[in-house]
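The values are calculated or read from the model by the stated rules, or taken from the named source; none is laboratory data. Small disclaimer: the values here were computed from a predicted structure and weren't measured. As a convention, Cβ positions derive from the backbone with ideal geometry for all residues, glycine included, and neighbour counts pool all protein chains shown. With ligands, DNA and RNA removed, areas are computed over all heavy atoms of the protein, side chains included. Shrake-Rupley method; radii C 1.70, N 1.55, O 1.52, S 1.80 Å.
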Amino acid sequence: MNVGVLASGSGTNLQALIEAGGRGQLDPARLVIVGVNVPGCGALERAARAALPTFVLDHKRFADRAAFDRALVEELRRHGVELVVLAGGMRLVTPVFLDAFPQRVINIHPALLPSFPGTHAQRQAIEHGVRVSGCTVHFVDAATDSGPIIAQAAVPVLESDDEDTLRLRILGEEHRLLPAVVRAIAHGRVTVEGRRVRLQGAADAGLADGRLRSL
Ligand code: GRF
């Protein structure tokens, strides 16, 4: 299954996918293209270092969100992409984009959804005083961080945490969860029934019932 990754940040989740792919842990998925909307971002450098094809689409150069999404779809189709992974960025996607890849766009969010959607999820968790947070990989739908949940991983929130220490603890889990989900999807083990996502025989893809097997 050909995977396209869209990112706009430092790209550590992209790096985790690249390294999992290098170890054969994404099979039968393979990364075919990395697209970014922030020229010069870390994700672009990481992709180049891994000799992955890239494209840059600067959203500021498009008249509106739909025009930007049309260009994105064109680029991804040109590379034969079958699964789109939003790995840190480009969270808002229009129906133009979603209709082009039905149930084939996934996102990773640094909180246990439906708690703390949107930006600064880690800050929201600390300010709310929760004792447990984590990350969620979900299918993308038209609303923000609201699509069917595929898998989650939890981490403790410590008294001593600030936004950054919690962010790093969650990132550690993101880097394990995202490749495991990509692999499970590529194996055809993920099906959606309404809001419920079923993971069939996913234990050997690193997931058991939507949690990392080690949890
Ligand atoms: C991650 O925390 C991810 O959950 C969120 O954006 C951040 C991206 O980090 N959607 P990176 O660019 O993968 O390092």
Any idea of S146's accessible area? Nearest 10 Å², probe 1.4 Å. 40 Å²
Which of the helices in the chain meet the span-like rule: DSSP H, Cα axial reach of 27 Å or more, Kyte-Doolittle mean at least -0.5? 163-186
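With n ≥ 4 as the cut-off for DSSP H runs, can you work out [θ] at 222 nm for the chain, using -39500 (n - 2.57) per run divided by the number of residues, rounded to the nearest 500?
Value at 222 nm, helices only: -10000 deg cm²/dmol.
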Estimated inter-spin distance, E74 and E19, nm [label 7 Å along Cα→Cβ]: 3.7 nm
Cα-based Rg / Dmax (Å) for the chain: 16.3, 49
Relative contact order of the stretch 1-66 (C-alpha contacts under 8 Å, at least 6 apart) in percent is 35 percent
Under 13 Å from the Cβ of V81, count the other residues' Cβ atoms, weight Lys and Arg +1, Asp and Glu -1, and hand me the total. +1
Compute the FRET efficiency between R65 and R196 as 1/(1 + (r/R0)^6), taking r as their Cβ-Cβ distance and R0 = 30 Å, and round to the nearest 0.05. 0.50
